[in-house]
1. Give me the dipole magnitude in Debye, nearest 20, for the protein assembly as shown about the Cα centre, with unit charges on the beta carbon: positive for Lys and Arg, negative for Asp and Glu.
2. Determine, at each q value in 0.14, 0.17 (inverse angstroms), the log₁₀ of I(q)/I(0) that the Debye formula gives when each Cα of the protein assembly as shown is one equal point scatterer.
3. Can you report the principal axis dimensions of chain B using only the alpha carbons, biggest first, rounded to whole angstrom?
4. Could the peptides B:18-26, B:85-93, A:12-20 be put in order, highest first, of the mean number of other beta-carbon atoms found within 10 Å of their residues?
5. Please compute, for peptide A:106-113, the average count of beta-carbon atoms on other protein chains lying within 10 Å of each residue's beta-carbon.
6. Would you kindly state how much longer the chain becomes between B:VAL44 and B:GLN9 on full extension, computed as 0.36 nm times their sequence separation minus their alpha carbon distance, in nm to one decimal?
7. Going down the list A:LYS27/A:LYS96; A:LYS96/B:LYS56; A:LYS27/A:LYS51; A:LYS27/A:LYS71, which pairs span over 19 Å between their C-alpha atoms?
8. What ranking, highest mean first, results for peptides B:28-40, A:69-81 when packing means the other Cβ atoms within 10 Å averaged over each residue?
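Bear in mind that the values in this text are calculations on the coordinates, not laboratory data. Fair warning: this is a prediction, and the values are worked out from it, not measured in the lab. FYI the Cβ positions are ideal-geometry reconstructions off the backbone, even for glycines, and counts take in every protein chain you see.
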Amino acid sequence: NAGVMQNPRHLVRRRGQEARLRCSPMKGHSHVYWYRQLPEEGLKFMVYLQKENIIDESGMPKERFSAEFPKEGPSILRIQQVVRGDSAAYFCASSKTRDTLGTGELFFGEGSRLTVL
Amino acid sequence: TQLLEQSPQFLSIQEGENLTVYCNSSSVFSSLQWYRQEPGEGPVLLVTVVTGGEVKKLKRLTFQFGDARKDSSLHITAAQPGDTGLYLCAGARGQGGKLIFGQGTELSVKP
């Protein structure tokens, strides 16, 4: 999983501020997924993106959260007006193809840990 | 509602003991994956099982997918301190990386 780069690794924000989390997928990967992990809970799917397209955002909260994966540059998960309940570890994963169960695997980054004061 | 229930949630054993972690659901999955996650790190894929009844071995780890593709187990033989970590099962209902994760089993192996 060393190939998926996430930054920042740790981010502290006060309530009402914005948080931007970045994810650079592994080289050659064009499929990106964002997951959130709350303390003592498993990872929860948030959104699946391909270059310039949001494919599935069924796990994204309806308000304050947005994600993008531009043609150039990393994927960004943006949280506006953060609240304490947004404190969590946010993981990005990437795959080469949509078929992660066949030829590909899902590679996770080391996560970005958001703390909201 | 947790679609994938893992048990036990916590397990502390001595080096050399055997253990089994279970992952159960009332839903059918097209495949199931097991990950291991260490503190401050992202999950690392251990295995993917696809066929009902499938058994895969990875050194001292044996993974089994239930016949009905609703459950899975992870058995570790002669556990070692290096096996310590959070073990996560994750089910998929199709292709792609949209996975449903269990809440994890925190394993501690004491020397």
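1. Here the size comes out at about 600 debye.
2. With no solvent term, the Cα-only Debye profile gives -0.87, -1.22.
3. The Cα atoms of chain B stretch 40, 28, 22 Å along their principal axes.
4. Going from most to least packed, we get B:85-93, B:18-26, A:12-20.
5. If you average over the peptide's residues, the count of other-chain Cβ atoms is 5.
6. 10.7 nm
7. A:LYS96/B:LYS56, as the Cα separations exceed 19 Å there.
8. Order by mean packing, descending: B:28-40, A:69-81.
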